[in-house]
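Here, each number is a calculation from the coordinates, and none is a lab measurement. This structure is a prediction, so every number in the text was calculated from the model and none was measured. When we count neighbours, we look across all protein chains shown, and the Cβ atoms used for this are built from the backbone with ideal geometry, even at glycine.
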2 protein chains.
Amino acid sequence: MRKVAESTIRRLSLYLRLLEEFEAQGIATVSSEALAGRGGTTSAQVRKDLSFFGSFGKRGLGYPVPELVTELRAILGLDRRYRVALIGAGKIGSALVQYRGFRQRGFDIVAIFDVDPAKIGRQWNGLVVQDVARLEAALTDARIDMAVLVTPAEVAQALADRLVVLGVKAILNFAPIQLSVPDDVVVKTVNLALELETLSYELTNRQ
Amino acid sequence: MRKVAESTIRRLSLYLRLLEEFEAQGIATVSSEALAGRGGTTSAQVRKDLSFFGSFGKRGLGYPVPELVTELRAILGLDRRYRVALIGAGKIGSALVQYRGFRQRGFDIVAIFDVDPAKIGRQWNGLVVQDVARLEAALTDARIDMAVLVTPAEVAQALADRLVVLGVKAILNFAPIQLSVPDDVVVKTVNLALELETLSYELTNRQ
DNA sequence: CTAGCATTGTGAAACATTTCACAAAAACGG
DNA sequence: CCGTTTTTGTGAAATGTTTCACAATGCTAG
């Protein structure tokens, strides 16, 4: 498959959300114009984005909603379930565990780790918080697809290294640090400070 | 000021973080090469990014660390403090209130709102959670610079509209919805589902 | 069955961002 | 003081992304 821009993938995800709404309302077909309108883009962009993956529409009619939902789910890899390990049982970790959208989209948290003795052994959403020292023991043969790192910046790289050794191929990183991993491992960093600072920049240099 | 790409601003924010580390270590000057290395980019990119805002380096030597820190803080609007209202006292809101980096970078949460009667009146980090019905009463004359929206998607747009009327010019939005606001209001959306889905896409279509 | 209409799919053009490559400047060693 | 080395700042080239514009297609109505 030829390389598709990350911006395209992000829009695909937005289209999917809109399409799911349309589907719930029983709408059968939708035009690129309608998909663009609520998604903050243009109809040409929608058609171009979809055309990277195939021809899903009918000229004169638009796109069939249920079929396009199925296609987009397959493209985004959301037609399967993922086994997720959560590293760091702090406030954000806690919010994530309880976030419905997580499980809804196929991501099952199957293990939770922390260093804090006060947290280790506690029950969390049906899972026992384990000592991060036992990461290797617990995750070998656990068939983990993805790890969510919610730790202080200082330990994030060391943990990423251990996860890579364990064969984890995707990391969602909330630590405010650029992780370095091999090419075959995907990392996505959510950096709140970064968002705040770009907001601050735009506020300062508005218009 | 000519328009500068958002990607440039995000890198500036990363450079600032690295520079603060260098400063703490007492390093006096740094080359574009050194700044790029840990920031995941190239030296040419670093120089180009900085050149949008001025000439801060000395040829043959590099950039003076403390001066560049000061400059970047000014560029990003981090040389002042912001008064922030938090709308939504749930799990994520709670994590944000306690996030050190928030206050550290100049963002002071000065008001918290929720709809839940069980939460209204409770003390949160020295602030009383107020009824969101009283948003207008509480925020008129409160000189709010920024609002953080942590609410269900269904009510986010209505709240954004009310914030706009109150004169708020920047919104950090955690609701998984595209907010529509006037041109002079800046919105930055942090959408966890989006991040998960791009991660899922890359995992599925790896290599 | 045909005309008219709506809407897709897609090359080409326009625009944006990154990378290249090198002259200019500054420091340093001798 | 001069040659060598380092590293910036920046036009120009290369690459990447979005927008344009229109032929192709299929639907609908008569």
Which distance in Å, rounded to a whole number, links the C-alpha centroids of the range B:93-165 and the range A:14-87?
34
Can you tell me the length gained on complete extension of the stretch B:Val155 to B:Ala142, counting 0.36 nm per residue apart and subtracting the Cα distance?
2.4 nm
Output the relative contact order of chain A, whole-number percent, from Cα pairs under 8 angstrom with separation of 6+ residues.
13
If you place +1 on the Cβ of every Lys and Arg and -1 on the Cβ of every Asp and Glu, how big does the dipole about the Cα centre of chain B come out, in debye to the nearest 20?
540
Can you put B:Val46, B:Val128, B:Val155 in order of Cβ neighbours within 10 angstrom, beginning with the fewest?
B:Val128, B:Val155, B:Val46
What the Cα atoms of the protein assembly as shown span along the principal axes, largest first and in whole Å, is 62, 55, 48
Shortest first and in nm to one decimal, what separations exist between A:Lys48 and its copies in the other chains, measuring from label points 7 Å along the Cα-to-beta-carbon line?
1.9
When chain B is turned about an axis onto chain A, which of its residues keeps its C-beta closest to that axis, and how many Å is it?
B:Ala95, 3
Using all C-alpha to C-alpha distances in chain A, build P(r) with 10 Å bins and read off the rounded percent in each one.
7, 28, 28, 23, 12, 2, 0
At q = 0.12, 0.15, 0.24 1/Å the base-10 log of I(q)/I(0) from the Debye formula over the alpha-carbon atoms of the range B:159-207 is -0.37, -0.50, -0.83
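Over the whole of B:9-18, what's the average partner chain Cβ count within 10 Å per residue? Rounded to a whole number, please.
5
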Can you give the helix-only mean residue ellipticity at 222 nm for the protein assembly as shown, where every DSSP H stretch with n ≥ 4 adds -39500 (n - 2.57) and the sum goes over all residues, rounded to the nearest 500 deg cm²/dmol?
-13000 deg cm²/dmol
Within 10 Å of each Cβ in B:182-195, how many Cβ atoms from other chains are there, averaged over the peptide?
5
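Using the crude model of +1 on Lys and Arg Cβ and -1 on Asp and Glu Cβ, and no other charge, please compute the dipole size for the protein assembly as shown relative to its Cα centre, in debye to 20.
Numbers: 52 positive and 46 negative charges, 81 e Å.
Its charge dipole is roughly 380 debye.
Could you work out the mean count of beta carbons from other protein chains within 10 Å of each residue's beta carbon in A:72-81?
Details: counts 1, 2, 1, 4, 9, 10, 5, 2, 2, 0.
Taking all residues of A:72-81 together, the mean is 4.
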Please get the size of the charge dipole for the range B:1-49, origin at its Cα centre, with Cβ charges of +1 on Lys and Arg and -1 on Asp and Glu, quoted in debye to the nearest 20.
320
Nm distances between the label at A:Ala5 and the same-position labels in the remaining copies, 7 Å along Cα→Cβ, shortest first?
1.0
